[in-house]
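The values are calculated or read from the model by the stated rules, or taken from the named source; none is laboratory data. None of the values given here were measured: they were computed from a predicted structure. Note: ideal-geometry Cβ built from the backbone for every residue, glycine included; neighbour counts use all protein chains shown. Keep in mind that these areas ignore ligands, DNA and RNA; they rest on the heavy atoms of the full protein, side chains included. Shrake-Rupley method; radii C 1.70, N 1.55, O 1.52, S 1.80 Å.
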Amino acid sequence: QLVESGGGLVQPGGSLKLACAASGNTFVGRAIAWFRQAPGKEREGVACISSTGLTTTYADSVTGRFTISRDSANNTGYLDMSSLKPEDTAIYYCATGRLDYSLCAKWQKAEYWGQGTQVTVSA
């Protein structure tokens, strides 16, 4: 029900914008989060936006560089990434869940996941 797009290869310092398209009204009443998993590492929460769109949270490693947003009219979530670093290389997944606090503060209770999109930051 969630389909990510926008990944690719980018040089350090560059930018990418990921999109997460939901089928039907999947995002209605649900928070949206982006996670990532690098090779050999555990999956980590990167950014989250509440069901109302009024609150956003970010991992310390991306604060000031990444921006999460949502377009409720088009059932799409976005992750704007700038000043990318090689350590941002990972598969990025979007997820959604009804419990704002669980997803955005604890990175837990996601109900639906996308298939992931690869982001590679390399010269």
Simple Cβ-charge dipole of segment 34-123, Lys/Arg +1 and Asp/Glu -1, about Cα centre, in debye nearest 20: 120
Residue 50 accessible area, assembled protein chains, probe 1.4 Å, Å²: 10
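Given segment 32-71, report the % of alpha carbon pairs whose separation exceeds 16 Å.
Result for the distance tail: 36 percent.
Based on the alpha-carbon set only, what is the convex hull volume of the chain divided per residue, in Å³?
For the chain, the hull spanned by Cα atoms encloses 88 Å³ per residue.
As an exercise, use a Förster radius of 25 Å and the Cβ-Cβ distance of residue 52 and residue 82 to find the FRET efficiency, rounded to the nearest 0.05. Before the final figure, lay out the partial values.
Values: r = 25 Å, r/R0 = 1.00.
It comes out at approximately 0.50.
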With every protein chain in place, segment 17-112: carbon and sulfur % of accessible area (1.4 Å): 48
Accessible surface, segment 4-89, averaged per residue in Å² (probe 1.4 Å): 49
Solvent-accessible surface ranking, highest first, for 71, 60 at 1.4 angstrom: 60, 71
Residues residue 28 and residue 122, FRET efficiency given R0 of 35 Å [Cβ-Cβ distance, rounded to 0.05]: 0.40
